[in-house]
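The values are calculated or read from the model by the stated rules, or taken from the named source; none is laboratory data. All of these numbers come straight from a predicted model, not from anything done at the bench. For neighbour counting, all protein chains shown are included, and Cβ atoms are generated from backbone atoms with ideal geometry for every residue, glycine included. Just so you know, the surface numbers come from the protein's heavy atoms only, side chains and all, with ligands and any DNA or RNA stripped out. Shrake-Rupley method; radii C 1.70, N 1.55, O 1.52, S 1.80 Å.
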Amino acid sequence: MDLKLELIMLPVSDVDRAKAFYEAAGFRLDLDKAASEDWRAVHFTPPGSECSIMFGKGITSAAPGSTQGLYLIVSDIEEARAELVGRGIEVSEVFHDAGGLLYHGHAAGEITHRIEGQGRLAGLHPDRASYGSFATFSDPDGNGWVLQEITQRFPGR
């Protein structure tokens, strides 16, 4: 059975501000539909992704900014970061993990390490290892995104 992640709901406080942010970030606008003053859905897809995001009014009870750890996979993290920065998005500097593990906790746009020996080190992974270099950004409400460079996938992916 194939199970494909299709859509992630993002809680936002200001739909038009969020729409402007994701347009600036280069996401493709797929839908902006209002059924009433109390319900509006805005649907975007990141470039090259099969999974989309949706936010709006009256579509989730989650607190604005509470979605964290949304990973965007890129083949060249420096190029992706530069493009986002060029589009006016505030993105962290590129970093890698001290201990080489791939898991990150995520809180309000900042990577948190919950394993002893892990920590954020400035710059690309020293071997430019696939899965090893990261950068973060958040939308205006604080929903947190992680750019992760993957040039060669683990087997079976």
Is at least one residue of the range 103-121 under 18 Å from the mean Cα position of the chain (by Cα), in a loop (DSSP other than H, G, I, E, B) and either over 25 Å from S66 (Cα atoms) or at pLDDT 90 or above (or both)? no
Within the range 67-83, is even one residue open to solvent by less than 50 Å² (accessible area, probe 1.4 Å), among the hydroxyl-bearing types (S, T, Y) and either at negative phi or in contact with a Lys or Arg (Cβ under 6 Å, 6 or more places away or on another chain) (or both)?
-> yes
Restricting attention to the range 48-83, the residues that are under 12 Å from the mean Cα position of the chain (by Cα), free of Cβ contacts under 8 Å to residues at least 60 places away in the same chain and not in a strand (DSSP E or B) number exactly 2
Expected output for the range 1-14 (first residue on the phi < 0 side of the Ramachandran plot and without any contact (Cβ under 8 Å) to a residue 60 or more places away in the chain, partner part of a loop (DSSP other than H, G, I, E, B) and of a type in the set (D, E), Cβ below 7 Å, 6+ apart or cross-chain) is K4/E50
Taking the range 84-98 and the residues there that are in contact (Cβ under 8 Å) with a residue 24 or more places away in the chain, farther than 16 Å from L124 by Cβ and open to solvent by 60 Å² or more (accessible area, probe 1.4 Å), the one that is nearest to the chain's Cα centre (by Cα) would be E90
